[in-house]
Amino acid sequence: MGALLEVSGVSVSFDGFKAINNLSFSIDTGELRAVIGPNGAGKTTFMDIVTGKTRPDSGKVEWGRPGRDLLRLSESQIARLGIGRKFQRPTVFVTQTVQDNLLMALKKDRDPLSALFYRADAVDLGKVEELAVEIGLQEHLPRLAGELSHGQKQWLEIGMLLAQDPQLLLVDEPAAGMTPAEREHTTDLLKRAAQTRAVVVVEHDMEFVRRLGCKVTVLHEGAVLAEGSLDAVTSNQDVIDVYLGR
Amino acid sequence: MRLLILCLLSASIFLTIRQPVALANDLQPVLQENASVIERPSRQTAGIAIEALFASGAAGVTHFLAQWRDKQVWRTKEDGIFYFGPDARGDIELVDIDTGESAGTVSSRDLVQVKPNSGVRAVIDAALVRFQLSDPDPTVRAVALDTLERSADASQLIPLRASIQEETDPDLRSRKERLEGLLIISYGQSAEERIAAMERFKGDTGIDVRAAINPLLATRLEVAKSLPGDKNVARTLVPGRDIDLDVAYAMLVDADFAPAPVTRADRNAALVSHAADGRIGAILLETLNTEAARDAAYQSLAETGKVPPTVGAEERGSLLANHVFYEVYAEPDRAVTAAAVGTLNSINRAVDLNQLADLALDALSLASIYFLAAIGLAITFGVMGVINMAHGEFIMMGAYTGYVVQQFISNYTVSILVALPLAFAVTFAAGVLLERLVIRHLMHRPLETLLATFGVSIALQQLAKNIFGTQARPLTAPEWLDGSLAFNDIVSISYIRIAIFVLAVIFFLLLLFILKRTRLGLEVRAVTQNPSMASSMGINPDRINMLTFGLGSGIAGIAGVAIGLFAQVTSELGANYIVQSFMTVVVGGVGNIWGTLAGAGMIGSLQKIIEWFNPSNTLAAQTYMIMFVIIFIQFRPKGIIALKGRAAGD
Amino acid sequence: MSETALNTLQQRSFFLRNPSVLVFLAILSLLTLGATLMSEAFGIGLLSTSFIKTLGKTLCLCLIAIAMDLVWGYCGILSLGHFAFFGLGGYMIGMWLMYERTKDIVVESLAGQALPPTPEEIRDAIGTQIFGVVGGSEIPAIWYFADSLAVQLAFVVLVPGVLALGFGWLAFRSRVTGVYLSILTQAMTLALSLYLFQNDSGLRGNNGLSGLQNIPGLTLVPQAVISVWFLWASALALGLGYLLAAWVVSGKFGNVIRGIRDDEPRVRFLGYPVETYKLFIFTLTAVIAGIAGALYYPQAGIINPAELAPIASIFLAVWVAIGGRGRLYGAVIGAALVSLLSSAFTGGQVPDIPLGFATIQWVDWWTVLLGFGFVLVTLFAPQGIGGLVDQLVRKGDR
């Protein structure tokens, strides 16, 4: 199976500060991958580049086979290609119900006219119900998203990502600010999601990463420092230096 | 006086010997000879009389002329003798014209005052000027030159030349030489002399030079069968390209080269006059409701010979093609006009360059005003992310503060010096008040802040109207700011604008210093780039917001005083500048003084450049400028100087 | 189930889900009917013709307020340019009204001539009549279709629509948002009004278009009757506009634009082309504003560039904010209340308050009151009157 996303030789700098420095990275279809790294390693900038929010100064980002150049597409076009993104802080539409949030994310035509004439039918409502069960919010469908707890909002956002039915999920620190029980639920959600699509999880928390049990990429100063199983990278001398200081 | 003696009274060796008896060179007898003209002169007769006075060789002619001009000459009713006497009523103390001694006091009822009208006075002046040009007093010579520069004619060329030789003052000498050159251009004897004079003035931007040369190049439009060889033709004109076809045809008609065209009105009148019983021949009048039908009806009349035939398009075309339309110079000498064109071209090039310099000065002064008006806005926008729609009203408050101060302090210099800090204080306080009462409570809701400050804006504007009325109030600049610094006839800048430029530079440097070199500036920059980080470092963002808002508003007050000095103070003063200020901030980029400087420079020069292309229409200039800004934002959405990276905020 | 039956069901469900729409339409119908019955032309004559016109104009202002609410309250774009679209709609219909009316007058005055007038003569006379005031007699090219009601009506929709489309495309494409966008829209409005102020704009400079209350061909119908017709037309337009707006915001489209208002990047990362949505809503509301203007100015009788000044658009935002944005009825309440109060206070219908040492004259002090009052509303009732109504309704529910 070929690579789903291929990032090669990407660099970007802000006012002289190199946030990403000749980064190369690739992920296969249906792969679960954790990306770790200290603060300022360029994890979020990496996601910004893949999702089209930031344009790199140089390098290539290609999607699928044959490779499609993501750098020429807008954020929404990239999202429609099948890359879903979850932000660090939960971002759901707080003034709308859980059901409306999920309906909006549901994979449908995204143009204004389709949205204007769209009316939810039984099939779509059924899908939303299914997703709600999956993320454990079936009780909360008619509630406003703003009334949910922090963890529930995170799950709702993951549910919205799943509703988009993407081939690649980019998840930024999903466990931040969660109780241990919530973390466990989140781990399960992500693992189940990875059975049908590729998932990239950016995370600080080693325990969380260990529970995911997948290949790990370590970023440092905007470049890949090490890659492999968690045990392999944690025993890598470079990684130890970076995390513990020289 | 020496010239007087030399030129006119060389024969008079008795000048210094004063005797009560009439002498050969006494003026009174000459005056008596011309008495009727002197008492009631006209422009024509006065000139003749003056020449007669000079020709007589009598002493004191110039003195008499000056007194005559100033209405200080009287004539007794009894014996018709002329005397000097003050221009007054009642008892007049008379002075003998020749001896200069008192001749007793006479009631004005027994006298006739000799009062030349203004036209005659001008004639006298012109006669006097020649002598004043050689007056020992340089101020008199300068005044005489002023007169001559305003109205010179051929007769003054010789006395002017004569006076140049003995001129000792270098300034006056060069002025005289310049005037001599100009007079030669207009009245010179030979073509060579005139051409040489024109050569001297190449590239000279003075208005007087163009005034002297332009008449040489005046042209007259003429038409002929073929181009005449004996005339000084400026250019030929092609009908339809250089000259309107109808105008050209009308010229042919005037010159009897072509039959008069039948105009629509002629045609209609002819149709009406040949109509009878609602029809013209077989044609019903009701059917003549199109141009084509009327033309056809007229044609049928023309065929019967009742009306003159129309000139067909073809005939008209061939008539126009068979004649030459040309402009001919009033000046017959080709060499002279060619030299004039050459000099004028070189002058125009110099004038263009100077106008460019003047435009640059204008743009600079406009940019200074925009900078002062916008910098406060830019600071608050940069630090707090809010647009203060009431900023314009703070500018207005500053201007009114200046006005009120002038009501109490009558010395304009002192009042401006008091008004500047006071305006700053007043608007600083208003800004702090607005920040504490309104803006602080709308943190992170920039659109609502915009609307709330708009509410403040309309309330303040109406309040100003209620307090000060709708009529404009003056804010008078001190006298030393009156007038302007003129580099030549084209490039000049008023002192007020220089003062505003200086003010803008001072505030630019001051703000640069505050932001880069002081603790407050450090904190302001920290809050601008990352408010939450700044507050976790122990900076109190509330205090910073309040101070920056006050500072921004305070500068608006200063800008108000500055603007009030050259514009009328009304309640709409600020509103007139607010959109330009917004444009300046948007174009320049947020949170950076250099950005505002660049924005102000760009908006100011752009407006001036557009006005230059279309000087009559400032409304259009503003329209195009705004359209330009909208397009500009496409290419630099964050302004000329944009913050990059995380600090820019996404 | 047949397709029509399904459609009816959906239609019904739209009203069932939005009962406030029915309430609004009922109130609007009652108001129109009541005003008609009390008018001089069709009823007991309790309401003067000028008051009927004021009512009709107010309904048009409510319509543009709905447009403003859609674009700002729902989509979060604080446009300070919608009154420009309103004015453009007015200018477009005004051109036809003025041209045809002048033509009638000119034809009448030329009828006495010996020769029947030619089309050129009529056109020349119209040109002199209309543009003499700005020192011209040529009819500008933009008046080419002024004799065609159908084309000018199409322009009422097209001109604001195309301008909004062009401006919106430029602005949204370069991701100008927030206060930047507000300032740009304000600049656009200012540019347009300054342009119209020029004598060579082809629209009579600061004289504007006048005599618009006279409907060509209907010179014999008294104004009392015409005013009621326009009241009906305005009420119909407002009703349809409200219905359209309610339908637009009720479904997924409404959720998307609310999403854009609350969290634009999130909507973008869900794959929605945010710029297209903004452009759609910006253009749609510009068209609604144009239609509202086309109905307003024949009732006002005159339009000039001052009407398009940026301040009018800001006042529009104030109405919607006071009424309560994000609620369609809020926009209607705000526009009706503030514009009626403004005309009452500045029209001298409210008695001045003597304070002994001075007298509060409302002509002078109303704007001050409105300005500071608006600040208070923003501070203490950010959801406006509509928000207060919502609170009351919710209390009733519990």
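Listing for the model above:
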quantity: Whole-Hz couplings from phi, Karplus 6.51/-1.76/1.60, listed for the range C:337-350; x for Gly and Pro; calculated: 4, 5, 6, 5, 4, 4, 6, 5, 6, 7, x, x, 7, 9
quantity: Listed residues C:118, C:212, B:113: farthest to the positive end of the dipole of the protein assembly as shown (Cβ charges); calculated: C:212
quantity: Whole-number accessible area per residue in Å² for the protein assembly as shown, which is evaluated in the context of all protein chains at 1.4 Å; calculated: 45
quantity: Accessible-area value, residue A:178, 1.4 Å probe, nucleic acids and ligands omitted, Å²; calculated: 20
quantity: Accessible heavy-atom area order of C:378, B:99, B:618, highest first, probe of 1.4 Å; calculated: B:618, B:99, C:378
quantity: Accessible area buried between chains C and A, both sides summed, probe 1.4 Å, in Å² to nearest 100; calculated: 2700
quantity: Chain B: DSSP helices with Cα axial extent of at least 24 Å and average Kyte-Doolittle hydropathy no lower than 1.0; calculated: B:334-384, B:412-437, B:495-517, B:541-566, B:618-635
quantity: Shielding by partners, peptide C:118-125 (average Cβ within 10 angstrom, other chains); calculated: 3
quantity: Residue mean of other protein chain beta carbons inside 10 Å, C:279-287; calculated: 1
quantity: Placed amide H near residue A:170: partners under 5 Å, 5+ positions off or other chain; calculated: A:84, A:85, A:86, A:200
quantity: Heavy-atom accessible area order for B:582, C:145, C:315, largest first, 1.4 Å probe; calculated: C:145, C:315, B:582
quantity: Convex hull (Cα only) mean projected area of the range B:133-217, reported in nm² to one decimal; calculated: 5.5
quantity: Overall dimensions of the range C:104-190 by Cα: Rg and Dmax, Å; calculated: 20.3, 66
quantity: Semi-axis lengths, Å, chain C, gyration tensor of Cα atoms, sqrt of 5 times eigenvalues; calculated: 37, 27, 24
quantity: Whole-angstrom gap from the range A:177-246 to the range B:147-223, using each part's C-alpha centre; calculated: 93
quantity: Listed residue (B:142, C:171, B:154) projecting farthest to the positive dipole end of the protein assembly as shown, Cβ model; calculated: C:171
quantity: For the range B:251-316 versus the range B:520-554, the gap between their alpha-carbon centres in whole angstrom; calculated: 84
quantity: Rounded if a/c under 1.5, otherwise prolate or oblate - chain B, Cα gyration tensor axes; calculated: oblate
quantity: Degrees separating the helix A:150-163 axis from the principal Cα axis of chain A, which is the longest one; calculated: 80
quantity: Using alpha-carbon coordinates, inclination of helix A:122-135 to the longest axis of chain A, degrees; calculated: 50
quantity: Tilt relative to chain C, helix C:223-250 - C-alpha long axis, 0 to 90 degrees, to 10; calculated: 30
quantity: Helical contribution to [θ] at 222 nm, DSSP H n ≥ 4, -39,500 (n - 2.57), averaged over the protein assembly as shown, rounded to 500; calculated: -19000 deg cm²/dmol
quantity: Fraction of antiparallel bridges per DSSP, the protein assembly as shown only, in percent to nearest 5; calculated: 75
quantity: Solvent-accessible surface ranking, highest first, for B:384, B:625 at 1.4 angstrom; calculated: B:384, B:625
quantity: Cα centre as origin, Lys/Arg/Asp/Glu Cβ charges: the protein assembly as shown dipole, Debye; calculated: 3920
quantity: For the range B:417-471 and the range B:325-349, distance of Cα centres in Å; calculated: 61
quantity: Carbon plus sulfur fraction of accessible area for the protein assembly as shown, probe 1.4 Å, in percent; calculated: 59
quantity: For chain B, with +1 on Lys and Arg beta carbons and -1 on Asp and Glu, the positive-most of B:313, B:566, B:280 along the dipole; calculated: B:566
quantity: Along principal axes, Cα extents of the range A:66-143, largest first, whole Å; calculated: 42, 33, 25
quantity: Dipole in debye (nearest 20) - chain C, about Cα centre, beta carbon charges: Lys, Arg +1; Asp, Glu -1; calculated: 1540
quantity: Heavy-atom accessible surface that B and C bury in contact, both chains counted, 1.4 Å, Å² to 100; calculated: 4500
quantity: Amide hydrogen neighbours beyond the local backbone of residue A:68, cut-off 5 Å, H modeled; calculated: A:63
quantity: Stokes-Einstein D (µm²/s) once Rh is taken as the Kirkwood radius of the protein assembly as shown over alpha-carbon pairs, at 25 °C in 0.890 mPa s; calculated: 63
quantity: Cut-off under 5 Å, modelled amide H: who pairs with residue A:4 long-range; calculated: A:27, A:28, A:29
quantity: For chain A, alpha-carbon Rg relative to the globular expectation (2.2 N^0.38 Å, N residues); calculated: 1.03
quantity: Across A:43/A:215; A:53/A:107; A:86/A:108; B:71/B:176; B:176/B:231, pairs whose alpha-carbon gap is larger than 26 Å; calculated: B:71/B:176; B:176/B:231
quantity: Rounded to the nearest 20 debye, dipole of chain B from Cβ charges on Lys, Arg, Asp, Glu; calculated: 2920
quantity: Å³ per residue enclosed by the Cα convex hull of the range B:219-329; calculated: 109
quantity: Relative contact order computed over the range B:353-577 (Cα-Cα under 8 Å; 6+ residues apart), in percent; calculated: 45
quantity: log10 of Debye I(q)/I(0), alpha-carbon scatterers only, for the range B:353-577 at 0.12, 0.16 Å⁻¹; calculated: -0.67, -1.08
quantity: J(HN,Hα) series, the range C:261-277, from Karplus relation 6.51 cos²θ - 1.76 cosθ + 1.60, nearest Hz, glycine and proline x; calculated: 4, 7, 7, 4, x, 4, 4, 5, 6, 7, x, 7, x, 4, 4, 5, 4
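The values are calculated or read from the model by the stated rules, or taken from the named source; none is laboratory data. Predicted model only: the values in this text are computed from it and were never measured. Counting neighbours? That spans all protein chains shown, and the Cβs are built from the backbone with ideal geometry, glycine included. For accessibility, only protein heavy atoms count, side chains too; no ligands or nucleic acids. Shrake-Rupley method; radii C 1.70, N 1.55, O 1.52, S 1.80 Å.
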